[in-house]
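The values are calculated or read from the model by the stated rules, or taken from the named source; none is laboratory data. What you see is a predicted model; the values in this text were computed from it and never measured. Glycine gets a Cβ as well: all are built from the backbone with ideal geometry, and neighbour counts include every protein chain shown.
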Amino acid sequence: MLVLARTLAQFLQDKMDQESIGTVAGLAERIGVTPATARRLLEGRGTPREETLDKIAESFHVPPNVVRDLVQPSSLAAFLMAVTKTTELSSTKKLGNHIGIAQGTAYRLSRGLNIPTQETLRKVSKAFGIPITEVERMADRPVGEAEPFTWPAELDQLTRPQREALVAFGRLLIDASGLGRVTR
């Protein structure tokens, strides 16, 4: 089974879209939680309890480890959390100032609640003197800059709809990789 979501919030939003669950209340009913809890899950706030994760897995007929893996912090999040607990950067405000990002971004980043942009990864690299490739690895990102891509000549034989399908597929791959949205 291929799960492209990188966060629990993405997973839940994908399931809502796939199964036509139109409201937060509908999601709450489906997974057996309050609407307030469902809203927090969709916003990526907080860390859900194990029993909530099990309810989500059961509701959507996926193995529990699939859902649990979506809330495991990256090693970047673990590193930043350790920094706030063991250095003078004892708050997310101080951490954010040190890195050069907003306090809210530092909070979410240190708890693994968002997918950092490449610019944020560069700032982390510079702030802590860690090579960018290591920061990318810690954030579970593909390492290094993407190389320019040129279509192989034989693809010129494809029809326009076939080429458009390949481009759409490429956009999906980029979106799924967490490297950002592709504009059309």
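A compact table of results
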item: Which numbered condition THR23 misses (of (1) hydroxyl-bearing (Ser, Thr, Tyr); (2) modelled with pLDDT under 90; (3) under 15 Å from LEU12 (Cα atoms)); result: (2)
item: Some residue of region 80-94 being surrounded by fewer than 19 Cβ atoms within 10 Å (Cβ to Cβ) and at pLDDT 90 or above; result: yes
item: Residue count for region 56-68, restricted to those that are in a helix (DSSP H, G or I) and either modelled with pLDDT under 85 or surrounded by 15 or more Cβ atoms within 10 Å (Cβ to Cβ) (or both); result: 8
item: Only listed residue being at pLDDT 85 or above and at positive phi, chosen from GLY104, GLY112, GLY129, GLY144; result: GLY129
item: LEU41 vs. criteria under 24 Å from GLY104 (Cβ atoms) and surrounded by 18 or more Cβ atoms within 10 Å (Cβ to Cβ); result: yes
item: Single condition VAL71 does not satisfy, out of (1) modelled with pLDDT under 85; (2) touching a Pro at 6+ places or on another chain (Cβ under 7 Å); (3) in a helix (DSSP H, G or I); result: (3)
item: Single residue of ALA9, ALA102, ALA78 found to be touching an Asp or Glu at 6+ places or on another chain (Cβ under 8 Å) and either among the aromatic types (Phe, Trp, Tyr) or within 30 Å of LYS123 (Cα to Cα) (or both); result: ALA9
item: Candidate set from region 122-137 (those that are buried (at least 20 other Cβ atoms within 10 Å of the Cβ) and not acidic (Asp, Glu)); member that is nearest to the chain's Cα centre (by Cα); result: VAL135
item: In region 95-112, residue surrounded by the fewest Cβ atoms within 10 Å (Cβ to Cβ) [restricted to those that are in a helix (DSSP H, G or I) and in contact (Cβ under 8 Å) with a residue 24 or more places away in the chain]; result: HIS98
item: Test result for GLU88, acidic (Asp, Glu) and not assigned by TED's automatic domain parsing to the domain that holds LYS126; result: no
item: Members of region 31-51 found to be under 20 Å from the mean Cα position of the chain (by Cα), closer than 14 Å to PHE11 by Cα and not in a loop (DSSP other than H, G, I, E, B), listed by number; result: ALA38, ARG39, ARG40, LEU41, LEU42, GLU43
item: Matching residues in region 44-55 - criterion: being modelled with pLDDT of 85 or more and either surrounded by fewer than 14 Cβ atoms within 10 Å (Cβ to Cβ) or over 25 Å from PRO116 (Cα atoms) (or both); result: GLU51, THR52, ASP54, LYS55
item: Test: residue in region 79-90 that is free of Cβ contacts under 8 Å to residues at least 12 places away in the same chain and small (Gly, Ala, Ser); result: yes
item: Lone unmet requirement of (1) closer than 30 Å to GLU134 by Cβ; (2) not assigned by TED's automatic domain parsing to the domain that holds ILE130; (3) not aliphatic (A, V, I, L, M) for LYS94; result: (2)
